[in-house]
Amino acid sequence: MIISVVTGVWKRPEVFKLFAKGIKAIPYPLNVIVVGSEKHRSRKLVEDEGFTYIEHKNRPLSNKMNAAMQAAKGSDYVICMGSDDIISPDLFSLYYRYMVDGYEAIGLTDLYFYELETGKAIYWGGYSDYRKGKTVGAARCISGEVLDRWEWKAWDDNLNKYLDNSMKLEGLNLKKISLKETNLFAVDIKSKTNITPFQQWDNSTYI
């Protein structure tokens, strides 16, 4: 089974190196595709980790991410991650089980956050507004069959925020995973240049 990871990088080399370390801890030959926008600087950062690099302008962000998705054509499954996201090997093993079962999409209902500058961490129980019950954006996994139908474009064009909401998961055979219930681990690392700042959101607690 060909499993790809697509992500984008913009500045924050120290965070990207944590992402790379997390990917390399997963005992499966993942095809990692990273789209960057800083030419030689981001290319070197990515290729030094042994990942595939694509250059694309940083804005609109959704166009940039779709460029990485286009490069993943032919994959059986694609995991969409931020370059500040880490998933544990045990969580990947559960994803893999559901891939074998043939689910069209896999996603998380909750998430952990860690802020580099302060060392603070938060557990977030998931959306509590009109999106209650929907999967979070981090580590969404989509089958190649679905992406074929989407023409390998997972996000609407010309977006710089709200990318998570633009992914059309309604009607798919979607498997949801609760990190808290399964005692598994995925974390979003926050730093000063994040789109969404680190704060105590609704339905969250410091840990």
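The values are calculated or read from the model by the stated rules, or taken from the named source; none is laboratory data. Since the structure is predicted, the reported quantities are computational estimates derived from the model, not experimental observations. Here the Cβ is made from the backbone with ideal geometry for all residues, glycine too, and neighbour counts use every protein chain on show. Note: accessible area is taken over every heavy atom of the protein model, side chains too, but ligands, DNA and RNA are not part of it. Shrake-Rupley method; radii C 1.70, N 1.55, O 1.52, S 1.80 Å.
Of the three principal axes defined by the Cα atoms of the chain, the extents in descending order read 40, 40, 35 Å. Treating only the Cα positions of the stretch 95-189 as identical point scatterers, give the base-10 log of I(q)/I(0) from the Debye formula at each q in 0.11, 0.20 Å⁻¹. Debye output, listed in q order: -0.36, -1.09. Take the Cα of ARG41, step 7 Å toward its Cβ, do the same at ILE2, and the gap between the two points is 3.3 nm. Charging the Cβ of each Asp and Glu at -1 and of each Lys and Arg at +1, and nothing else, the dipole of the chain about its Cα centre rounds to 460 debye.
Ratio of Rg to Rh for the stretch 21-114: 0.96 [Cα atoms; Kirkwood radius as inverse mean 1/r over pairs]. Note on GLU117: accessible area approximately 100 square angstrom, rounded to 10, probe 1.4 Å, nucleic acids and ligands left out.
For a label point 7 angstrom out from the Cα of HIS56 toward its Cβ, which stretches of the stretch 1-24 have the backbone nitrogen within less than 18 Å? Counting backbone N atoms under 18 Å from the label point, the list is 4-11. Within the stretch 126-173, the ratio Rg/Rh, alpha carbon atoms throughout and Rh by Kirkwood, equals 0.96.
3J(HN,Hα) along the stretch 83-99: 6, 10, 9, 10, 10, 6, x, 5, 5, 4, 4, 5, 4, 4, 4, 6, 4 Hz, from the Karplus curve 6.51 cos²θ - 1.76 cosθ + 1.60 with θ = phi - 60°, whole Hz, x for Gly and Pro.
Between LYS190 and TYR114, GLU115, LEU116, the built amide H atoms are under 5 Å apart, and every one of these is 5 or more places off in sequence or on another chain. In this Cβ point-charge picture (+1 for Lys and Arg, -1 for Asp and Glu), the stretch 93-207 has a dipole of about 220 debye about its Cα centre. Once the chain from SER166 to ASN31 is taken as fully extended at 0.36 nm per residue, the excess over their C-alpha distance is 46.2 nm. A DSSP coil position with no more than 10 other Cβ atoms inside 10 Å describes the following chymotrypsin sites (Phe, Trp or Tyr not before Pro) in the stretch 86-153: TYR130. Both radii were evaluated on the Cα set of the stretch 1-58; the Rg over Rh quotient, with Rh as the Kirkwood radius, amounts to 0.95.
Around ILE177, which amide H atoms from residues at least 5 apart in sequence, or from another chain, sit under 5 Å from its own amide H, with H modelled in the peptide plane? Counting only residues 5 or more places away or on other chains, the set is GLY107, LEU108, THR109.
Per-residue extension of 0.36 nm, minus the Cα-Cα distance of ASN158 and ASP202, leaves a gain of 13.0 nm for this segment.
Sequentially through the stretch 145-151, phi angles give Karplus couplings (6.51, -1.76, 1.60; θ = phi - 60°) of 5, 5, 5, 4, 5, 7, 6 Hz, Gly and Pro residues having no value and appearing as x.
What the phi angles of the stretch 63-70 give under the Karplus curve with 6.51, -1.76 and 1.60, with θ = phi - 60°, is a coupling list of 5, 4, 5, 5, 5, 5, 5, 4 Hz, glycine and proline written as x. In this simple spin-label approximation, SER93 and TYR123 carry label points 7 Å from Cα along the Cα→Cβ vector, and these lie 2.1 nm apart. Charge tally around LYS44: other residues with Cβ under 13 Å, Lys/Arg +1 each, Asp/Glu -1 each, net -1. Within the stretch 30-110, the trypsin sites (Lys or Arg not before Pro) that combine a DSSP coil assignment with at most 13 other C-beta atoms in a 10 angstrom radius are LYS39, LYS57, LYS73. Close amide-amide hydrogen proximity is noted between VAL32 and VAL5, THR52, each under 5 Å apart and 5 or more residues distant or on a separate chain (H modeled in the peptide plane; Pro and chain starts excluded).
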